[in-house]
Amino acid sequence: MRVTFAGGVGEHGRNCFLVEGETLSFLVDCGRMAGAQDPYPALTAAQARGLDFVFLTHSHADHTGALAWLAGLGCTATVVATSATLSQVGRLPFPTVCLENNPPPAGLELAWGRAGHCAGSVWYAFGLEGQRLFFSGDYTEHSPVYAVDPVRGQAARLAVLDSAYGPDPRSDGAMRQDFLDAVSPWASAGQPVLFPVPKYGRGQEMLLLLHARWPQTPLYGDAHFCKQTQVLATDQTWVRPEARAALHEVSVLSLGTTPPAHGFCFLSGPQLRTPAALALAEAFAKAGGVVLTGAVDPGSGAARLAGQGLARFARVPVHCTDRERQALAEHNAFQQVVPYHTADHPCPQRTICLGTEP
């Protein structure tokens with residue numbers, strides 16, 4: 001059996017891991033790296049055509065954005081993911097199987113759990129041909145909104161673990177406090193603040209965090225953000241019970257095309273890729289502030305705004321640091337750990353060959 005790191009190890013983006021056995025060949029994720037000269041995973045057409053399955057950890061583009069490209073290589077694999085993830089990615093050029101409602105493919109042992117990153121996000125543990133493999137996906141145990149099944153007692157010959165925040169020494173609580181401190185000058189002055197956020201993920205975490213600190217400040221969101229907040233308020237699978245109750249009690253007003261006089265405003269689209277989104281962010285920069293909370297893609301509107309000093313960066317934790325990744329490994333029996341989702345750890349070797357265990 002061979003495991004090939006086709007993307008995501010030694011870099012941030014195009015997360016894609018190829019597992020080739022004697023009887024099955026599958027991918028874990030197939031992402032695109034925004035702003036890169038070569039944005040697609042390092043897969044050949046022959047490898048793509050030989051795939052039986054693609055297992056998705058969640059819907060974000062750096063894990064799913066290369067699926068159409070994969071189909072263009074001649075791949076006819078079946079995509080396996082949670083119902084939430086399949087709903088979020090929309091129509092795909094592949095047959096799909098819902099993870100919750102179907103047994104694993106013949107010859108493959110499969111366990112999975114909630115990863116705490118967004119609705120539908122999971123980790124995977126595979127058993128194939130005498131080998132066990134583990135993929136954390138984008139993982140956190142500290143989300144105030146999303147439920148997690150902590151990874152404990154897993155055994156694997158190879159584990160690919162989230163380490164997106166690298167050597168950042170801060171705890172998740174310290175990161176959140178630094179985020180609130182970054183927002184505080186505008187909040188104290190009664191000025192509006194714009195938060196460009198992913199369509200699925202940390203936006204509602206930020207909403208509850210800000211509302212707890214400044215409960216009298218109005219909350220605004222675009223149509224998608226408002227709808228998603230309502231959906232999560234009733235989601236009994238992916239959302240913590242206490243978060244459901246808190247989201248149910250929060251009112252989110254409709255965000256218009258100009259900044260309100262005062263309030264925290266959420267815009268679905270962290271990179272500000274459309275002219276309208278960028279124009280709105282520039283208007284917020286004049287009236288108050290713009291806070292970016294995740295990775296900024298080169299060449300994006302968010303990068304342009306940050307380069308002009310019109311947006312501030314303040315991380316909201318939704319991944320693991322090196323320290324958290326090491327602690328995760330200590331809770332389990334992983335023979336070899338490969339950090340991914342970070343440029344801080346160069347790829348040790350592109351392909352690892354795994355012999356059959358006695």
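The values are calculated or read from the model by the stated rules, or taken from the named source; none is laboratory data. All of these numbers come straight from a predicted model, not from anything done at the bench. Neighbour counts are summed over all protein chains in view; Cβ atoms, including those assigned to glycine, are modelled from backbone coordinates with ideal geometry. In case anyone asks, the SASA skips ligands and DNA or RNA and just uses the protein heavy atoms, side chains included. Shrake-Rupley method; radii C 1.70, N 1.55, O 1.52, S 1.80 Å.
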Out of residues 5 or more away from T342 or on other chains, whose amide H comes under 5 Å of its own, with H placed 1.01 Å from N in the peptide plane?
-> G10, E11
Mind listing the phi-derived Karplus ³J(HN,Hα) values for segment 225-235, rounded to whole Hz, using 6.51, -1.76 and 1.60 with θ = phi - 60°, and x for any glycine or proline?
-> 4, 4, 5, 5, 5, 5, 4, 5, 5, 10, 7
Karplus ³J(HN,Hα) for segment 115-132 (6.51 cos²θ - 1.76 cosθ + 1.60, θ = phi - 60°; Hz, whole; x = Gly/Pro) runs 9, x, 8, 6, 4, x, 7, 9, 9, 10, 10, 10, x, 8, 6, x, 10, 10
Taking the inverse of the average 1/r across all pairs of different Cα atoms in segment 117-240, what Kirkwood radius in Å do you get?
-> 16.9
Extreme residue, positive dipole direction of segment 50-186, given options W186, W69, G137 (C-beta unit charges) = W69
Around F55, which amide H atoms from residues at least 5 apart in sequence, or from another chain, sit under 5 Å from its own amide H, with H modelled in the peptide plane?
-> L27, V28, D29, V80
Selected from A36, Q216, S59, residue furthest toward positive end of dipole (the chain; charges at beta carbon) | Q216
At q = 0.10, 0.13, 0.15, 0.21 Å⁻¹, the log10 of I(q)/I(0) for segment 26-121 from a Debye sum over equal Cα scatterers comes to -0.25, -0.42, -0.57, -1.09
Just order 91-103, 220-232 by mean Cβ neighbour count inside 10 Å, highest at the front, would you?
-> 220-232, 91-103
Got a sec? Which residues in segment 247-273 would a label at R304 touch, if it sits 7 Å along Cα→Cβ and we count backbone N under 13 Å?
-> 271-273
Ordered by packing density, taken as the mean number of other Cβ atoms within 10 Å over each peptide's residues, highest first, how do 2-11, 303-312, 52-61 rank?
-> 52-61, 2-11, 303-312
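Among DSSP bridges having both ends in the chain, what percentage is antiparallel? Round to the nearest 5.
Numbers: 26 of 60 bridges.
Bridges in the chain that DSSP calls antiparallel: roughly 45 percent.
Tell me the relative contact order for the chain as a rounded percent, counting alpha carbon contacts under 8 Å between residues six or more apart. Walk me through the numbers before you get to the answer.
Details: 798 pairs, mean separation 75.9, N = 358.
It comes to 21 percent, rounded to a whole number.
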Expressed as a whole-number percentage, the relative contact order of segment 266-358 with C-alpha contacts under 8 angstrom and at least six residues apart is 22
Protein accessible area in segment 284-358, 1.4 Å probe - carbon and sulfur % | 50
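Please report Rg over Rh for the chain, where both radii come from the alpha carbon positions and Rh follows the Kirkwood definition.
0.97
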In deg cm²/dmol, rounded to the nearest 500, the helical mean residue ellipticity at 222 nm of the chain, built from -39500 (n - 2.57) for every DSSP H run of length 4 or more, is -7500 deg cm²/dmol
With T = 20 °C, eta = 1.002 mPa s and Kirkwood Rh from C-alpha pairs, the Stokes-Einstein D of segment 186-258 in µm²/s is about 167
Once phi is turned into ³J(HN,Hα) by the Karplus curve 6.51 cos²θ - 1.76 cosθ + 1.60 with θ = phi - 60°, what whole-Hz value does each residue of segment 155-172 show in order, with x for glycine and proline?
-> 10, 7, 5, 9, 10, 9, 10, 4, 9, 4, 8, x, x, 3, x, 6, 6, 5
Overall dimensions of segment 22-78 by Cα: Rg and Dmax, Å | 11.0, 36
Under the classification rounded if a/c is under 1.5, otherwise prolate if a/b is larger than b/c and oblate if not, where does segment 234-358 fall, given a ≥ b ≥ c as square roots of the Cα gyration tensor eigenvalues?
-> oblate
